[in-house]
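What follows is a set of notes on a single structure, which appears directly below.
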Amino acid sequence: MKKFIGISAFLLIIYAVLLAADAGARTESNHFNLARRIGMYGILSLGAGMLIVTGGIDLSIGSVVGLSATVFAMLLRGETHMGQWVHRVAARLPSWLRDGSAYLDKYLPDRLISFLNRSIDRIDGPWLMPALCVLSVLVLGVLVGWINGMLVTKVRVQAFVVTLCGLFVYRGVSRWLAEDQVKGLGNAHENLRDVLYRDTYPFGGRIFWIALLAVLILTLALCALRIVRAARAGRAWPVGSTIAAVLAEAISVLPVYGIVSEQFLDRRLVIFDVPTSFVFFFVIALAATVFLHFSIHGRYFFAIGANEKAAKYSGVETDRYKLLAYVLCSTLAAFYGILFLMQENSSQPSSTGNFLELYAIAGAVLGGCSLRGGEGSVAGVIIGTSIFVLLPNLSTMLGINPTLEYTVLGGALLMGTILDEVLRRFGKRST
Amino acid sequence: MPLPLLEARQISKTFPGVQALQDVGLRLGRGEVLAVVGENGAGKSTLMKILGGVYTPDSGTIHLDGKPVSIGDVDKAQKLGIVLIHQELNLAENLDIAGNIFLGREPTWGGPLGIIRRRIASDAEPILRRLGLDRSPRTRVADLPIGQQQLVEIARALSLKSRVIIMDEPTSSLTQRETDRLYEVIADLKRDGISVVYISHRLKEIEMIADRVTVLRDGRNAGELERGEIRHEAMVRLMVGRALKQFFQRNRAEVAPNTVLDIRGLRWADGQQPISFELRAGEIVGMAGLIGAGRTELAETIFGIRKRLAGDVRIDGRPLRVRRPREAIAAGVYLVPEDRRSQGLILADSVRGNISLPSLQRLQRFHLVAGRRENALAEGQRTRLNIRTPDVGKSVGLLSGGNQQKVVLGKWLGRNPRVLILDEPTRGVDVGAKAEIYALMDELAKSGVAVLMISSDLEEILGMSDRVLVMHEGHLAGELSRAELSEEAVMRLATGVGEAA
């Protein structure tokens, strides 16, 4: 908890300095960019974080991103047998499935239909084909995670070694599949890119704002309920995961929506658009919060990370849950690959995703996930990732040579870890 | 007493939320064996760690040879001649005996590494001989049984020219033979004028070897006993502040004839003799044997931790094919493992989280943890087992050994056991909690649970069992009924003497 408050304070400080440092930092476009990158890295860090909680590690994340982005591009272009197969399957599907909107017209309320039409009509041609491609890439992610997990749990090779090998193997596979050629989409699939990665979400910022507000109010209410219940039962103030969740959400809102941004200072109420990646991140983070902190499966994750033997002696299917953690991590990496291709419009098999595993792990660790396992939170990962995105922005705004970006990040991570250790020792001695 | 060698005066120490020691005093004469006893949480270990330099006291003074000294850290303590041997052995298992004895103090002069290793080996030899440890100094520590590893720790202490050796529960994992050997070593040390501070829960040992006993209770001095006064009841009275009547509460009822657990020809290792026995509802069956006789392995095989190579396990007549603990748990077969810190508990987690872990499947609603039901489960077990914690949300790691063990029991008692296997249920548990655990076992048996109690504590085996199975080197050496039960009979079987070959 102390750690969590520490990194929250750190995030607030760098955000405040960022706003104070430069007018350019206060603009809507800068906030938009930051949110986009928090969303992207956050998706990876959530996967890495959940895996780290179980005591695992995945060094192959970057290569999986590269592989899935490349394969996704090839599928969409109809290259390779797989891609052609997907096209053929899509063509053979019944027309009502291919032309979903027409079918739905009969049953859905008018307002929803017009809304759906606005989104779906952007896609011309068989819209199920791209959907199948997306699904295939996600299945690829599941498969890779399954292989990693099986090697760790059944063959009992160290996770570090398994995924280090994966880092090389999956990178090689993507280069081989693409014959080391850049795979781009050109002007094709503009509409898919519109849906999956248009800079602003087609549903519009307004809905997202409302959803966000609803979630915040809901968590606050939950928190209040717990406090009231504890007070009635005469128990101590529950400083639990609920408060952590509320804090994290409140904090994540600040940098993203530029509450203190120039428009706000001008006393104009502007509803900002929300980057697509951030919407995905937000939804995944919510799901991960429920999964990790409120479900029995999350309990098993923490139990395995804290003491695998004791978890096993308590009847937890340790191998199955570890496998699940690897699958989650790789699937989220594959999803990142999809978003990446949509953003960049092309994938370079030999370099796409390089070093991303380190970003993902660093974000999770900065957010309080212990590499020893059994420690960490979704809220922490959100904050850790935010720090990781804000810091380079700050250093640029402060006029620090951009070539020092990595040094700033590494230094911050090191300082955070040292500070945490010092605080821990200090706490042991004084309290 | 003449001028004591070591004296601690008015030592106080506070930890977060706990006054661990308050104005505690202790005197130790030259060549004296002083036993320090008290329930878990009474402050024995804290006091020893202060003497050994691990902790610094908040207030109070320590005098050596009548002169005040400040100990500060472990190094300083060792230079002063005070060495603490922890309950958990601190040995580098991959090094040889000599390497461990001189770890960190290897001679830095002369020759290539091989010569140094030979040199320290020859330095170690007289010390080993003195301790009667009949092993080459070049033996890897990992290859030694635990009892001999303990002797290596003592050898290390001797090589430091110690004047005071503090032993924290040295016999908790020793066999009877190793324990006897340790007593001889302590007698030798005494003769050489070395003082020993001896901590143990086994009061019988203390009756045998201690010259004087200092009793701690709730972080304060509760009294002292001189040589002539050292008796089991006297110590217990001072420890708990009252006499414990009926320590072993076994109210034997008629054991129902129906077999709950039936084991036929069970094997888990190659070349091991198959094991067969049965457990009936409502009986407590003791399982005795030396460390390494295979009792824990047997329990782990029944519970599904170890792979079963051959044999049949039946529960209530139905075959039970267990491949992992979860399947045993589903059938109502539960194990309280030997090492509660590494196998029984998640120390960083709360009392509640530990108790609910095996039962989460029942506490779920749409896969989410039903907080109120979880809390009710934990609170129920806390009340039933008298787990001393201010709040079930508190971390288990903060509890005393006895209360930790109650939490492990609480994990299973919330789920109606059919068969409960207890592996060393009272190891490192204080007297008060021991009595509570025995009462609980009795209650469980009365309610029809079949209890298998693995224990190296003979008093416990004799006091609680309706029937005793004795293992020796991986097979069942024999069975003793209540009438045949005696310490000698058990030891004969356990050491392989009384067996019909």
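Observations on the model:
- Label-to-label distance for residue B:180 and residue B:487 is 1.2 nm, based on points extended 7 Å past Cα in the beta-carbon direction.
- When all alpha carbon pairs of chain B are counted in 20 Å bins from zero, the resulting P(r) reads 21, 52, 26, 1 %.
- All aspartates and glutamates inside 15 Å of residue B:49 as judged from Cα atoms, apart from same-chain residues fewer than 8 positions distant: B:7, B:58, B:73, B:75, B:88, B:168, B:169
- In this structure, the amide hydrogen of residue B:33, modeled 1.01 Å from its nitrogen in the peptide plane, lies closer than 5 angstrom to those of B:196, B:211, B:212, counting only residues at least 5 positions away or on a different chain.
- Trypsin sites (Lys or Arg not before Pro) restricted to region B:417-501 and DSSP loop, no more than 13 other C-beta within 10 Å: B:482
- Inter-chain Cβ neighbour average for residues A:37-47, partner chain, 10 Å: 0
- Cα centroid of region B:58-78 to Cα centroid of region B:370-423, whole Å: 40
- Between residue A:401 and residue A:88, the contour length at 0.36 nm per residue exceeds the alpha carbon distance by 107.5 nm.
- Neighbour net charge for residue B:227 - beta-carbon separation under 9 angstrom, K R +1, D E -1: -2
- Residues of type aspartates and glutamates that residue B:79 reaches as a straight line, Cα spacing below 15 Å, ignoring anything fewer than 8 places off in the same chain: B:65
- For region B:346-416, the Kirkwood estimate of the hydrodynamic radius, built from every pair of different alpha carbons, is 11.8 Å.
- Nearby lysines by direct alpha-carbon distance to residue B:204 (threshold 23 angstrom, same-chain neighbours under 8 apart not counted): B:44, B:190, B:245, B:434
- Loop sites in region A:135-190: chymotrypsin sites (Phe, Trp or Tyr not before Pro), DSSP, at most 12 other Cβ within 10 Å: none
- Site-free segments of chain B were taken between GluC sites (Glu not before Pro) in DSSP loops having at most 12 other Cβ atoms within 10 Å, sites themselves excluded; the longest one is B:255-483.
- The trypsin sites (Lys or Arg not before Pro) of region B:51-105 meeting both criteria, a DSSP state outside H, G, I, E and B (loop) and at most 14 other C-beta atoms within 10 angstrom of the site's C-beta, are B:105.
- Net charge of Cβ neighbours under 11 Å - reference residue B:319; Lys, Arg +1; Asp, Glu -1: +1
- 10 Å Cβ shell holding at most 11 others, DSSP loop, chymotrypsin sites (Phe, Trp or Tyr not before Pro): longest site-free stretch of chain B: B:110-365
- Separation of region B:429-484 from region B:159-181 is 26 Å, based on Cα centroids.
- Fraction of antiparallel bridges per DSSP, chain B only, in percent to nearest 5: 55
- Checking the Cα-Cα distances for A:154/A:312; A:154/A:322; A:312/B:411; B:13/B:161 against a 19 Å cut-off, the pairs over it are B:13/B:161.
- Against chain B, whose longest principal axis comes from its Cα atoms, helix B:146-159 is set at around 10 degrees.
We did not get these values from a lab; they are worked out from the coordinates using the rules stated. Predicted, not measured: the structure shown is a model, and the values here were computed from it. Counting neighbours? That spans all protein chains shown, and the Cβs are built from the backbone with ideal geometry, glycine included.
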